[in-house]
Structures are given as structure tokens and as C-alpha cells.
Amino acid sequence: MGAGQVAAAQPLLIGLLLLWSSYGKFADPQQAERTALPRLVGESRATGAYRAVAGIEALVALALLFPPVWTVEAFAAVLLAAGFTGFLVYSKIVVPEASCGCMKASAKPVGSRAIARASLLLATAMAAVPATTGWWSAGPGLVVLVVEAAAFMMLSAELDRYWLLPLRRFRIGLSHPLAGTASSTAPLAATQRRVLLSPAYRAVDGLLRSDIHDYWDDEDWRYLSYVARYDGRAATAVFAVPHRNTTPESIRVAVVDETSGLTLYRPAVLATV
């Protein structure tokens, strides 16, 4: 496997990633409101800029997958990936509560994983610059894409529910999360793990804007609160976690208005996956 084959294989992975990212933006342009774009370009232009980025991603992706000129597409991918990385660093510094808005709807703030993923995309695009043939001629070089795709998956918080949460569920199945604790009160980390695995968390994941904001115990229940946003209104998501029932389905959640305290959203039926 030569360096030329590895370079030739990169456009296939980059093109597919950009198509996925472009589709997510076109499917839900309202994600723009959760990113740092309103701060960067103004609220009135944020959605338009978001769609424009999606269009550029799609064009570069198609050019990489069906390239008429090799070097031009690779350099365009480098510039695009560098822009992504810079934007995410800007978001984390200037608007730390903003979400990534990269691949799929998510309310999680920009973190080190998102920046690392953008940096990996930049490195992959730079590796594609020396390519002189199409990805269909990469031969053994395509094997490298398996490792790179796995790295992208591990750095994508949007995909956690497909591999990380099942892995956590499996680990909890092997040993009770409270095993070995001397206290009768559940450790906060164990409670958080139960919440992350619950249907209640999946029901409001897109509304959350913080990690655990506060928690308290009341008789047989522990309550966890998160900063949230519902229909453009500042809100608080409150999870009720029973001490004695450890099943994920026993956890309940309600989203209440930050000012009035009125309940804005309470999932009636929490289905399991």
C-alpha cells in the first residue's frame, strides 16, 4: 500500500462525510439558531448562512466523489475543513453554550470532540491533496478508510446513541452501578449514568443546553436539573430518578418555564430503544 493509494482513497470518506453534514443542515435549517452563527453573522442571516454552508458542502462532496480536476477539490476541502475548525474554536470561546450544528441536530455545546473531529477532517483533506487518481483506483488504500471512519464515529457525539450508550448499558448490566458503595445515597455519577441511558433523556436531549445544573434528594427520589430551551423560551429540564427502581424506564422528565414555572413539556409515553 503506497502513499499515493492512501491519498487517492481520502476523497471517498471526505465526500461521504460532507454529504452527511450537508443533508443534516438542509433537513433542519433551524439548527442555525443553536450555533454561534447568530452571534457571528446576525440572527436574521444565520439560517441563510447555514443553508449556504450546506450547499458548499454538497458541491465539494460531489466534486470529490466525481472529480474532474483532482487538486482543486482537495484544496477546496482543506479550506472548508479549516473553516469548520476555526468556527468551532470561535464558538467554544465566544459562545460556549452554542451547539456544533455540524452533522445532525444536537443541543450539546461545542466540546473537544467536535473540534478534534474537525481537525481530523482537515488532516484527511490535506492528505488528499497529493492524489492524482480517483478513489476507485485506490485499491488497498481503501482499507485505511475503515480506521479513519471509526475515528470519526468515536468523535461524533451525534452517534453516541448507536455505540457508546449500548456499550454503557452493557457495562452496567455486568455490574450494578452502585456496587461497592458504602453510602445509602447513590453517587451523582451513577445517577447521571442512569439518566443518560433512559428514554426520558432521549426524549428531551435536543432541548438541553448544559450538563447537570443542580440536584437534590427528596425521600425516595433524586431530582436532576438541566438548563434547557423550549420553543425559544428559557426553561429547565427536571429529571426524577427513583432510588429503589433502577430500570431506565422508571425515570421521568418535565420541562418547565424558567420564569413562570409552568410545565411546557412532559413526555406522556417513554418508549425504549
**OP:** Note the direction-averaged projected area, equal to a quarter of the hull surface, for the Cα convex hull of segment 39-176, in nm².
**Re:** 10.6
Original post:
Going toward the positive end of the dipole of segment 1-82, with +1 on Lys and Arg Cβ and -1 on Asp and Glu Cβ, which of T71, A7, P29 do you reach last?
Top reply: P29
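Taking 8 Å as the Cα distance limit and 6 or more residues as the minimum spacing, I'd like the relative contact order of segment 27-80 as a percentage. Each step should come with its number before you reach the end.
Working: 28 pairs, mean separation 12.4, N = 54.
Value for segment 27-80: 23 percent.
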**OP:** Working from Cα positions, state the angle (0 to 90°, nearest 10) between the long axis of helix 43-65 and the longest principal axis of the chain.
**Re:** 50
Subject >> Residue with peak Gaussian network fluctuation, the chain [Cα springs, cutoff 10 Å], from G15, G232, G206 >> reply: G232
Subject >> For segment 65-92 versus segment 193-251, the gap between their alpha-carbon centres in whole angstrom >> reply: 38
Original post:
Quick one: helix 160-174 against the long Cα principal axis of the chain, what's the angle to the nearest 10°, folded into 0 to 90?
Top reply: 50
Original post:
For the chain, what is the calculated [θ] at 222 nm in deg cm²/dmol (nearest 500), taking -39500 (n - 2.57) for each run of four or more DSSP H residues and dividing by its residue count?
Top reply: -16500 deg cm²/dmol
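Mind checking the per residue accessible area of segment 15-129 for me, 1.4 Å probe, whole number of Å²? If you can, show how the numbers build up before the last one.
Details: 5370 Å² over 115 residues.
Per-residue value: 47 Å².
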**OP:** On a 0 to 90° scale, report how tilted helix 3-27 is relative to the longest principal axis of the chain, with both axes built from alpha carbons and the result rounded to the nearest 10.
**Re:** 50
**OP:** Return one quarter of the surface area of the convex hull spanned by the alpha-carbon atoms of the chain, equal to its mean projected area, in nm².
**Re:** 17.0
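At a 1.4 Å probe radius, carbon and sulfur cover how many percent of the accessible area of the chain? Walk me through the numbers before you get to the answer.
Details: 8930 of 14120 Å².
Carbon and sulfur atoms account for 63 percent of the accessible area of the chain.
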Subject >> Shape category assigned to segment 86-167 from the gyration tensor of Cα positions, a/c cut at 1.5 >> reply: oblate
**OP:** Scan around H213 for amide H atoms under 5 Å from its own, H built in the peptide plane at 1.01 Å from N, and keep only partners 5 or more places away or cross-chain.
**Re:** S225, Y226, V227
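The values are calculated or read from the model by the stated rules, or taken from the named source; none is laboratory data. Just so you know, these numbers come straight off a predicted model, no measurement behind them. Reconstructed Cβ throughout: ideal geometry from the backbone, glycine too, with neighbour counts over all protein chains shown. These area figures cover heavy atoms from the full protein model, side chains too; ligands, DNA and RNA do not enter into them. Shrake-Rupley method; radii C 1.70, N 1.55, O 1.52, S 1.80 Å.
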